[in-house]
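> Please find one structure pasted underneath; my questions will follow.
The values are calculated or read from the model by the stated rules, or taken from the named source; none is laboratory data. On a predicted model such as this, the values are computed, not experimentally measured, just so you know. Positions of Cβ are generated from backbone atoms using ideal geometry, with glycine treated the same way; all protein chains shown enter the neighbour counts. When the accessible area is computed, the model is the full protein with side chains, heavy atoms only, and any ligands, DNA or RNA have been set aside. Shrake-Rupley method; radii C 1.70, N 1.55, O 1.52, S 1.80 Å.
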Amino acid sequence: MNASNSDTPSYQQLGFDDVRQWLADEAAGDAVGHQFEHLQPGDQQGEIEKQYARITEIEALMEVSSSFQVHHYEDLGDTLRLLTLVDSTLLPENLLALNNVLEQTRLLQRSYLNSQPGEDSVWRDNFQQLVPLPKLEQTIQRVVGPDAEVLDNASTTLASLRQKLRKSAGTVRSRMNDMVRKYADLGYLNDPQASIKGGRLVLPVLSSYKHKVNGVIQDMSHTGTTTFIEPFEIIELNNQIKTMELEEQQEVRRILRDLTSRLHPHQLTIRSNYEMLQFIDKHMALTKFGKTFACSIPSLSTTGEFKLKAARNPRLALQRKVVPLDLHMDAETVTLIITGPNAGGKTVALKTIGLLAIMANAGVPIPVEEGSIIPFFDQIFSDIGDQQSLVNDLSTFSAHMGTIINILEHATSQSLVLLDELGTGTDPAEGGALARSILETLRDQGTTTIVTTHLGDLKVFGHEAEHVMNGAMEFDQRGLKPTYKFQAGVPGSSYGFEISRRLGLSEKILETARSYIGWARDSMEKLLRALESERVSLSELKSDNSHMQRELKLKQKRIDSALDSLTKAERKADREAAKKAGQIITNARQTVEKVIRQIRETQAGKESIKAVHNTLDEIESRLDQVVEATEEPGKLAKIAAADIVKGSRVTVLSLDQVGSVLEKPVKGKVLVEVAGKRMRIPVDWLGQAPAIQSEDIRTKAVVNVVDRSGSTYKLDLRGYRAEAAIDELQRFIDQAVLSNLALLQIIHGKGTGVIKEVVHELLDQHSAVKLKRLGGLDEGGAGVTFVELK
């Protein structure tokens with residue numbers, strides 16, 4: 001993005017300077033903070049997308065490891081320049097700052113590697129560039145302490161000198177204390193303790209007794225009553241200390257020079273690590289900013305599509321709760337005209353759009369929901385607010401027009417232009433004509449343009465022109481106040497009369513004013529208000545319809561699930577019953593075989609033996625038919641859709657029950673009444689109903705679902721979460737209704753009472769529930785609910 005054409009004025013108008021400062025405050029290093037203070041949108045879309053990818057991964061790393069953090073570090077610019085010079089000497093504070101950078105980069109690399117990044121990690125190459133220097137860290141830590149002091153054990157010579165200094169200083173203090181007591185007892189001192197003058201210990205002697213103390217006069221009080229004398233005995237000791245202090249300073253310089261020479265060969269590695277720390281710091285600051293303002297990463301569009309989902313202006317979000325902005329301009333829409341009432345949020349919407357566009361083009365996370373799309377712009381221009389200048393003798397109109405002329409000269413097909421109250425400040429007719437011509441020029445060159453206005457001509461232009469879209473800030477006509485919600489595709493009324501009435505303007509003035517605006521204008525405003533009212537009503541109806549559709553789909557899904565579960569249960573029960581009977585017959589065959597052997601041994605006839613075999617074969621064949629019939633519905637006898645007519649009897653194969661058809665099949669499903677219950681069932685689930693027989697019913701192996709109205713059906717919800725419990729209970733009741741159950745037992749436990757509460761809430765609302773009660777003392781008490789179905 002060309003910063004020279006879109007820097008300070010637009011940034012100040014849109015609030016990007018605040019974003020820069022917030023980012024600077026999040027940075028751990030002063031140098032990175034300074035970079036943020038001068039942050040500009042990028043000029044390469046690919047680089048911005050890479051930055052977004054790095055931010056996303058940094059956020060994941062910070063969540064995985066709490067130690068993955070950048071702490072405060074000093075600017076090493078001067079230190080690194082000094083390190084490049086041969087025979088240079090770094091000061092202890094320079095070495096301490098340098099050691100901090102080495103330590104942080106080493107720990108960050110370790111945290112990154114411990115997170116086990118994948119091969120596609122966007123940070124892999126960056127962290128591989130870091131070169132830990134733990135031995136240099138240890139060397140610096142042996143020499144320099146945490147308070148930037150050279151440690152005693154930096155060398156044996158330094159340790160010896162400092163030991164002698166401490167001993168000599170102790171001797172001086174001891175001897176001085178003796179002399180203070182001596183001269184104080186003699187009454188020679190003005191103060192019973194030693195003083196320091198010019199860095200030397202002295203006695204505060206009364207001037208009248210100065211000839212009584214042997215020493216050198218170092219100072220005298222302003223009044224002349226006190227003379228500060230350094231005793232000769234102390235002078236000798238102080239001179240010895242001064243000599244040792246000079247030797248100490250020389251040793252410290254030697255140590256620092258030697259340590260700096262050991263760092264010199266690693267200067268390039270240290271610089272590389274420092275620059276990488278700044279790079280990580282920058283992305284971590286962007287990530288922290290995103291967390292603070294609940295931001296997400298937008299997609300960058302090259303087609304011109306502009307989509308904001310629940311967008312919020314970060315400047316306003318810090319101050320109060322804001323109404324989120326939802327806006328969508330497809331790739332074919334170049335110009336958006338926003339109209340609506342005064343103080344309805346038009347300018348705020350414009351600033352929000354512009355600020356988020358700058359942030360996204362600078363690679364900063366923006367406060368929107370996921371799925372938002374921001375075009376990649378080469379420049380962003382804005383003309384917002386009153387730019388009247390007394391110094392340059394410019395009126396409001398002239399100031400705006402000067403800005404617009406500059407925009408027209410520099411905007412391209414890849415630019416974004418934001419214009420607030422376009423066409424104001426002059427005659428409305430001329431202003432409207434100029435505004436339309438300006439918008440046509442920007443549209444024809446493909447410049448994405450968003451404007452706010454009250455001009456009716458521009459509302460008409462937005463309705464008639466190609467690639468132009470109207471939009472309005474919603475107004476509550478009942479409460480006579482703005483809702484700050486954006487509505488796409490429709491123009492909005494200014495509601496000037498309504499707002500004036502709410503603020504207290506007299507009806508007489510309003511009626512007179514209305515008579516002046518003309519029939520056509522009044523009719524258009526009334527039409528806009530009527531359209532807005534109808535749009536709100538349709539929106540409410542649409543919302544209600546969507547809610548009903550969701551409820552119907554949910555109920556249908558639950559019914560289908562219940563039928564499926566019931567079908568599987570019935571098939572399983574039939575198979576198990578048939579297999580169990582088969583086992584009984586097998587056992588019976590073994591018994592009969594045993595009998596046959598006995599018959600043979602007793603010379604029984606062949607006809608008797610054959611009769612026994614035939615009987616067993618017939619029973620076994622019937623059982624095989626039952627097992628085969630209960631394996632899958634698809635294997636059973638079906639009925640063609642053309643044969644299904646209203647009133648015909650059919651078998652619901654999944655329930656193995658006979659029902660009556662209530663209406664012809666529609667879209668592969670048919671309404672059937674089974675055991676007093678109506679249900680819409682797929683045609684594939686139906687078969688021919690068996691003929692009504694008066695005799696030989698006992699010879700048929702038929703499995704039917706009997707009326708279970710006297711039995712109790714149990715559901716145990718202990719251990720479920722609330723949402724899962726609701727779904728399970730709904731399916732349970734559906735199955736119970738289809739199975740003609742009258743009494744249900746629901747075990748929810750006592751616990752915190754949450755499951756009990758959601759169970760009772762659902763039962764109270766369910767149309768199939770007649771009444772409910774908690775269990776008695778011998779039935780489980782408050783942990784069980786009994787339900788009676790209608």
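> Hey, which of the strands (runs of 3 or more DSSP E) in region 181-232, taking only ones fully inside, have at least 3 residues that are of a type in the set (A, V, I, L, M) and without any contact (Cβ under 8 Å) to a residue 60 or more places away in the chain?
200-206, 215-220
> Looking at residue 105, is it in a helix (DSSP H, G or I), open to solvent by less than 60 Å² (accessible area, probe 1.4 Å) and in contact (Cβ under 8 Å) with a residue 12 or more places away in the chain?
Numbers: in a helix (DSSP H, G or I): yes; open to solvent by less than 60 Å² (accessible area, probe 1.4 Å): yes; in contact (Cβ under 8 Å) with a residue 12 or more places away in the chain: yes.
Yes.
> Just checking, does region 472-482 include any residue being touching a helix residue (DSSP H, G or I) at 6+ places or on another chain (Cβ under 6 Å), modelled with pLDDT of 85 or more and not acidic (Asp, Glu)?
yes
> So, restricting to strands (runs of 3 or more DSSP E) that lie completely within region 689-778, which ones have at least 2 residues that are modelled with pLDDT of 85 or more and either of a type in the set (A, V, I, L, M) or open to solvent by less than 30 Å² (accessible area, probe 1.4 Å) (or both)?
On the way: elements: 712-716, 743-747, 769-774.
Counting at least 2 such residues, we get 743-747, 769-774.
> Still on this structure: Grab the strands (runs of 3 or more DSSP E) fully contained in region 298-390, keeping just those with 3 or more residues being closer than 27 Å to residue 497 by Cα.
Result: 335-339.
> Looking only at region 108-135, how many residues end up being in a loop (DSSP other than H, G, I, E, B), over 17 Å from residue 272 (Cβ atoms) and open to solvent by less than 90 Å² (accessible area, probe 1.4 Å)?
If we filter region 108-135 for residues that are in a loop (DSSP other than H, G, I, E, B), which is where we start, we get 115-123, 130-133.
When the remaining residues are screened for being over 17 Å from residue 272 (Cβ atoms), the result is 115-122.
When the remaining residues are screened for being open to solvent by less than 90 Å² (accessible area, probe 1.4 Å), the result is 115, 117-118, 121-122.
So the answer is 5.
> Enumerate the strands (runs of 3 or more DSSP E) found wholly within region 419-509, keeping only those where 2 or more residues are out of contact with any Leu (no Cβ under 7 Å at 6 or more places or on another chain).
The strands (runs of 3 or more DSSP E) meeting that bar are 468-476, 481-488.
> Would you pick out the residues in region 97-118 that are closer than 18 Å to residue 30 by Cβ and of a type in the set (Gly, Ala, Ser)?
Passing the criteria: only 97.
> Moving on to the next point. Would you pick out the residues in region 31-52 that are outside any helix (DSSP H, G or I) and farther than 21 Å from residue 73 by Cα?
Hits for region 31-52 are 40, 41, 42, 43, 44.
> Return the pair list, or none, for Cβ contacts closer than 8 Å from residues in region 42-69 that are within 21 Å of residue 304 (Cα to Cα) to residues that are among the acidic types (Asp, Glu), at least 6 apart or on different chains.
Within 8 Å, the pairs are 43/378.
> Give the residue, chosen from 383, 393, 378, that is among the acidic types (Asp, Glu), touching an Asp or Glu at 6+ places or on another chain (Cβ under 9 Å), more than 15 Å from residue 41 (Cα to Cα) and at pLDDT below 95.
383
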